[in-house]
Structure formats: structure tokens, C-alpha cells
Amino acid sequence: MIILAIESSCDDTSVSIVKDGRTVLSQFTNSQIDVHNKFGGVLPDLAARKHCEFISAVTQKNLDATGLNLSDIDVVAVTYAPGLIGSLLVGVNFAKALAYSIKKPLIPVHHIKAHIAANYITHPDLKPPFMALVISGGHTHIIEVSSYYNFKIIGKTQDDAIGETYDKVARVLNFPYPGGLYVDQVAQLGNPEAYKLPYPKAGVNPFDFSFSGLKTSVLNLVHNIKQKGLPINHNDIAASFQHIASTIVSDKLISATIKSNLNKITISGGVACNSEVRNKIVSNANKHNLNVFMPTPDLCTDNASMVASQAYNQYISGYIYNDNLRLNANSSITIEQD
Ligand code: KG4
Ligand code: ZN
């Protein structure tokens with residue numbers, strides 16, 4: 001089955017053509033980083049406008065690269081939630097029009113389900129049940145995946161997402177937006193014990209996260225050093241922050257997996273590219289005989305192939321959307337409400 005998928009929930013206009021949910025035939029993404037980084041974050045109106053500008057060309061590039069025609073497409077898939085509403089609406093309306101014009105089914109996909117499904121592309125033999133960690137610019141979730149369409153939230157952030165925290169730390173250290181990658185790179189050159197940063201206390205649910213206290217501590221630390229006129233050691237600050245952030249996600253993920261009697265773990269989302277997060281989760285999981293699966297870095301950040309992968313899972317599970325013209329975007333629906 002050939003699926004053409006569209007992802008436009010934030011600032012990447014991504015379109016893919018994927019065979020049977022596991023084999024990527026083509027993927028092209030127009031990144032808007034250069035447009036937004038001078039503002040230090042994504043400007044929602046500008047993001048939506050840029051999606052409008054690029055979505056047709058990015059789709060055409062996929063058809064050109066694969067040599068396929070629109071008549072070869074069996075299903076159209078699109079991220080309909082959650083995300084920036086203007087950005088989502090561009091993808092949803094483009095997908096509705098495309099599916100209608102070629103008279104093919106349209107499958108709406110939840111963005112967090114798609115991030116999890118990225119793992120099926122890199123590991124075609126992977127099957128539920130497993131525990132999934134989704135860590136990105138907008139999400140920090142531990143999710144129990146009991147089937148291709150059954151998802152239960154075990155823990156989530158009560159305030160900032162981990163990627164958002166990385167981006168704020170990067171900003172105060174004067175790195176361009178989005179700065180997670182730069183923090184990761186310099187952290188590898190620093191001393192993780194240089195600064196004592198707080199390990200956030202668990203709330204009522206031990207698997208929930210809180211990153212705002214940690215973020216504020218890093219910002220205060222940098223401002224204090226600046227006020228004293230002392231030099232800022234970027235490497236040591238990044239290393240001390242990354243040490244705590246990666247320990248938090250790894251500890252909670254491993255204990256949630258053991259508590260639920262599962263033996264497989266997946267990680268995905270942009271922050272799953274992080275070197276220390278990947279290493280720490282793998283070494284902790286090994287100690288408990290748990291298997292870890294993660295997508296290649298290009299499938300961790302936002303991309304349309306993961307949307308096609310989840311759409312395929314929904315299609316073969318009989319979850320087919322029959323009301324294409326009524327489909328609407330939704331900025332905030334949870335994975336359990338989807
Ligand atoms: O999944 P994604 O592309 O978009 C969302 O759905 O949010 O994730 C983007 C996030 C950004 O916050 C970016 O700084 C972060 O992923 N990121 C990283 C790394 N690479 C990307 N954070 C830490 N370490 C990295 N190596
Ligand atoms: Zn994402």
C-alpha cells in the first residue's frame with residue numbers, strides 16, 4: 001500500500017511517500033529554521049504562511065523522486081493534532097483536497113502517535129506492547145503502547161517540555177534556535193559535576209515531569225555569573241544541565257517500564273537525538289534486561305514518514321476515516337482522546 005503523508009504541525013513542511021508503513025520511498029522537508037531563528041522561536045502566523053508557500057512544491061518533489069503519479073497513491077495521511085493551529089490547518093486542508101481529488105481515503109494522525117511510529121520504520125520487526133518515551137520541543141510523555149491503536153499516558157510534563165527547556169538553556173548561552181543540538185555538542189566537552197543543579201521533585205505521579213525549576217536554575221546561574229563579570233563556561237553549564245535532564249528521563253522511563261512488566265522501550269522526538277539521553281537509556285536498560293529501540297536521527301525530529309507509518313497501522317487495524325470533508329485540525333487533543 002502506497003501512502004502519501006503530510007506533516008505540518010509546527011515549522012517543518014514535510015511530505016513522504018511510504019510503502020506498507022515501513023519502507024520510505026521518498027521524504028522531503030522544508031525547514032523554516034532560518035525564518036524563525038532570528039526571533040528566537042517559532043512565529044505561528046509566519047509558520048502557517050510558509051507552509052502554504054511550500055506544501056505543493058514539497059509534494060511534487062516526492063512524486064518526481066519516486067516517479068509515481070497521484071493515481072498510484074492508495075491513501076493520503078495527515079497530522080491533524082496537536083500543534084500550532086494555523087500550521088495544522090494548512091496540512092489538513094491540503095490533504096483533504098488531495099484525497100478528494102484522487103478519490104482515496106484520508107487518514108488523520110495524532111502527532112505523538114506518529115513520533116512513536118517512527119520506530120517501526122527503523123525497526124520493521126518491532127511490535128507492541130512496549131513503553132514509549134516521546135521527548136520533543138512540545139512534548140514530554142511516557143506512554144504505554146499496548147497495540148497499534150491503544151495508548152495510555154503513564155506520565156507527562158506538568159510544565160515545560162524537555163526540548164523547550166533545552167532551547168531556553170541554549171538561548172541564554174547564546175546559541176541559535178533551536179539550540180538543543182548545540183547544548184548537546186558542548187556538553188560533551190564539559191564537566192557534568194561543575195554546577196549543582198536541582199533534581200526536580202516528583203509530584204503525585206512519580207512518572208510525571210517538571211522542567212521549569214531546572215530551567216530557572218540554569219537561567220539564574222548564567223545571570224549571576226554575568227552580574228559578577230565572570231567568564232561563562234558554556235561547556236560546564238551545558239554538561240551540568242544535560243547530566244540532570246538525561247538522568248530524569250532515563251530514570252523515570254526505566255522505572256515505568258519495570259512497573260508495567262514490559263521488556264521493550266522506544267524513544268523518539270527531537271530530543272531523542274541527544275547523545276547522553278540515548279546512551280543513558282541504553283546502559284540503564286541493559287542493567288534490567290530491557291530492549292531499547294530508537295529511530296535514526298532524521299526520523300526523530302518532525303517528518304512525514306512517521307505519519308505514514310502510523311496511518312498504515314490505523315488502516316490495517318480498520319480505523320478508516322469516512323468523513324473527509326468534516327475533518328478539522330485540533331491544537332490540543334491528547335493521545336488518549338484521539
Ligand atoms: O520533534 P521535534 O522536531 O519537534 C517537536 O515536535 O517539537 O523536536 C525539536 C526539538 C527542539 O527543541 C530541539 O532543540 C530538540 O528537539 N533537539 C535536541 C537535539 N536535537 C534536537 N535536544 C537535545 N539534544 C539534541 N541533540
Ligand atoms: Zn514533533
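The values are calculated or read from the model by the stated rules, or taken from the named source; none is laboratory data. Being a predicted model, the structure only gives us computed values, none of them experimental. FYI the Cβ positions are ideal-geometry reconstructions off the backbone, even for glycines, and counts take in every protein chain you see.
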key: Members of region 11-23 that are surrounded by 24 or more Cβ atoms within 10 Å (Cβ to Cβ) and within 14 Å of ligand 2 (Cβ to nearest atom)   = Asp11, Thr13, Ser14
query = How about region 96-116: which of its residues are assigned to a helix (DSSP H, G or I), touching a residue at least 60 places away in the same chain (Cβ under 8 Å) and closer than 17 Å to Ser8 by Cβ?
reply = Lys96, Leu98, Ala99, His111, Ile112, Lys113, Ala114, His115
task = Tell me, yes or no, whether region 209-225 has at least one residue that is at pLDDT 95 or above, closer than 27 Å to Asn191 by Cβ, touching a strand residue (DSSP E or B) at 6+ places or on another chain (Cβ under 7 Å) and within 16 Å of ligand 2 (Cβ to nearest atom).
result = no
Where a residue in region 309-327 is assigned to a loop (DSSP other than H, G, I, E, B) and its partner, wherever it lies, is among the aromatic types (Phe, Trp, Tyr), with Cβ under 7 Å and at least six apart = Ser317/Tyr148; Ser317/Tyr149; Tyr319/Tyr149; Leu327/Tyr80; Leu327/Tyr321
key: Complete set of residues in region 299-338 that are surrounded by fewer than 21 Cβ atoms within 10 Å (Cβ to Cβ), modelled with pLDDT of 95 or more and of a type in the set (Asp, Glu)   = Glu336
task = Please find, within region 182-209, the residue that is surrounded by the most Cβ atoms within 10 Å (Cβ to Cβ) out of those that are among the aliphatic types (A, V, I, L, M) and under 19 Å from Val222 (Cα atoms).
result = Ala187
Extreme residue, surrounded by the fewest Cβ atoms within 10 Å (Cβ to Cβ), among residues of region 161-181 that are near ligand 1 (Cβ under 10 Å from one of its atoms) and in a loop (DSSP other than H, G, I, E, B) = Tyr177
task = Go through region 122-149 and give me each residue that's of a type outside the set (Phe, Trp, Tyr) and in a loop (DSSP other than H, G, I, E, B).
result = His123, Pro124, Asp125, Leu126, Lys127, Pro128, Pro129, Ser136, Gly137, Gly138, His139
key: Long-range neighbours under 7 Å by Cβ, at least six apart or interchain, first residue within 20 Å of Asp20 (Cβ to Cβ) and free of Cβ contacts under 8 Å to residues at least 24 places away in the same chain within region 71-95, second of a type in the set (S, T, N, Q) and surrounded by fewer than 21 Cβ atoms within 10 Å (Cβ to Cβ)   = none
ask   = Counting only residues that are more than 10 Å from ligand 2 (Cβ to nearest atom) and part of a loop (DSSP other than H, G, I, E, B), which one in region 1-10 is farthest from Val109 (Cα to Cα)?
value = Met1
request  = State the number of residues belonging to region 76-95 that are in contact with a helix residue (DSSP H, G or I) (Cβ under 6 Å, 6 or more places away or on another chain) and outside any loop (DSSP other than H, G, I, E, B).
outcome  = 9
query = Taking region 262-286 as the search range and keeping residues that are away from ligand 1 (no atom under 16 Å from the Cβ) and small (Gly, Ala, Ser), which one is farthest from Val186 (Cα to Cα)?
reply = Ala285
Complete set of residues in region 156-186 that are of a type in the set (A, V, I, L, M, F, W, C) and either on the phi > 0 side of the Ramachandran plot or more than 16 Å from ligand 2 (Cβ to nearest atom) (or both) = Val169, Ala170, Val172, Leu173, Phe175, Val183, Val186
